[in-house]
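The values are calculated or read from the model by the stated rules, or taken from the named source; none is laboratory data. These figures come from a predicted structure and were not determined experimentally. Positions of Cβ are generated from backbone atoms using ideal geometry, with glycine treated the same way; all protein chains shown enter the neighbour counts.
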Amino acid sequence: MNRLRIATRSSALAIIQSQIVVEALKKHNPGISFEIVEIKSEGDIDKKKPLWELSQSGFFTAAVENALRENKADIAVHSFKDLPVEQPDDIVIAACLDRRFCQDCLVCGRKIKSLDDLPKGAKIGTSSLRRKAQLLHERPDLKCVPIRGNVLTRISQVEKGQFDGTVLAYAGIERLGLIGKVSLCFSPAKFVPAPAQGAIAVQAEKNNEKVLKLLAGINDNVSRITSDAERLVLHKIKAGCHAPAGVFAKIADDDITIYAFVSDENGTEFIKRKKQGLVKSAHKIAENLADELLKAGAAELLENG
């Protein structure tokens, strides 16, 4: 292959993530040239509706995937957390990389040590029920208000005083060179992120063997194992992309520990569990953790929510 076309959303962060994939591929394939194909997703067009009001999945990813089917691109690059757990039959996630940071962080205009440092009734912008549930579980007095827009837009809204703070994925802020804006980093074991948060996923058509071989060369196995384990928990408990649920897996030596929670959107009914075992049994550990959540009432909680 002499040229590889890369489909991606058109946001600044999406372009940066595509460049990360390009640089990884260049190390192993110096003779290939690359073309970035920018795609407008439904999420880029509809910037007003709160994410939790969306019934469809793939809000940020479907149009980018379609670029593969329509032969507009050879690979598609996504924030892995945006990809629906249920994947199409004709497209595969061929590589996962750069999951250095999976935690959430708070931007509120000043450095703080914990959520306790926020004023009573602080107005926090978030369009994630997962984040809303955890914020209200710890601080029921906070006012969680829908916010839309890219990372820079959300930070700008806080700086203009429209919100007292907003919660964002640290990976996105780091990739944009904005870590100086971060007020507080959450521990992912305590404030649980979305499954596969921080990872970059690269898709290709299932039968495109040349491209699949190229992507196999940049896959990071640890990032893939943790991301897949987290997504499996979400799949087994039948929680949608916008449900108030989170999963976080970490690997230390030969062990993997997986944390997960399910809640109502106001954080009042809150189920949290963790399981640990050998990395080689990550799939089984994820299934067992999902079973524990279901036995504790996760399905009923999600259905009533």
Restricting segment 80-116 to residues that are among the β-branched types (Val, Ile, Thr) and part of a loop (DSSP other than H, G, I, E, B), the residue that is surrounded by the fewest Cβ atoms within 10 Å (Cβ to Cβ)
Ile112
Check whether at least one residue in segment 270-287 is farther than 16 Å from Arg231 by Cα, assigned to a loop (DSSP other than H, G, I, E, B) and at pLDDT 95 or above, and report yes or no.
no
Mind checking whether some residue in segment 176-195 is at positive phi and out of contact with any Gly (no Cβ under 7 Å at 6 or more places or on another chain)?
yes
Out of all the residues in segment 232-240, is one or more under 27 Å from Thr8 (Cβ atoms), modelled with pLDDT of 95 or more and surrounded by 19 or more Cβ atoms within 10 Å (Cβ to Cβ)?
yes
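Take Arg130 and tell me if it is closer than 21 Å to Phe248 by Cβ and buried (at least 21 other Cβ atoms within 10 Å of the Cβ).
Yes; evaluated as a whole, the condition is true for this residue.
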Identify, please: which residue in segment 205-231 is outside any loop (DSSP other than H, G, I, E, B) and either over 21 Å from the mean Cα position of the chain (by Cα) or at pLDDT below 95 (or both) and is, among those, nearest to Glu23 (Cα to Cα)?
Leu214
Taking Ile200, is it over 20 Å from Ser79 (Cα atoms), crowded, with 20+ Cβ neighbours inside 10 Å and touching a Phe, Trp or Tyr at 6+ places or on another chain (Cβ under 9 Å)?
no
So, in segment 153-193, of the ones that are aromatic (Phe, Trp, Tyr) and over 15 Å from Lys111 (Cβ atoms), which residue ends up surrounded by the fewest Cβ atoms within 10 Å (Cβ to Cβ)?
Phe163
Given the conditions (1) out of contact with any Pro (no Cβ under 9 Å at 6 or more places or on another chain); (2) among the hydrophobic types (A, V, I, L, M, F, W, C); (3) in a helix (DSSP H, G or I), which single one is not true for Phe163?
(3)
Subset of segment 15-41 [part of a loop (DSSP other than H, G, I, E, B) and out of contact with any Ser or Thr (no Cβ under 9 Å at 6 or more places or on another chain)]:
Asn29, Pro30, Gly31, Ile32
Give the number of residues within segment 285-303 that are of a type outside the set (Asp, Glu), without any contact (Cβ under 8 Å) to a residue 60 or more places away in the chain and more than 10 Å from Val233 (Cα to Cα).
5
Any hit, segment 117-127, residues being buried (at least 19 other Cβ atoms within 10 Å of the Cβ), of a type outside the set (A, V, I, L, M, F, W, C), modelled with pLDDT under 95 and part of a loop (DSSP other than H, G, I, E, B)
yes
Please go through segment 256-269 and give me each residue that is under 25 Å from Pro146 (Cβ atoms) and in a strand (DSSP E or B), ordered by number.
Ala260, Phe261, Val262, Ser263
Single unsatisfied condition, Lys210 versus (1) over 20 Å from Ile6 (Cα atoms); (2) touching a residue at least 24 places away in the same chain (Cβ under 8 Å):
(1)
Given the options Thr226, Thr268, Thr166, Thr257, name the one that is more than 23 Å from Asp82 (Cα to Cα) and not assigned by TED's automatic domain parsing to the domain that holds Val92.
Thr268
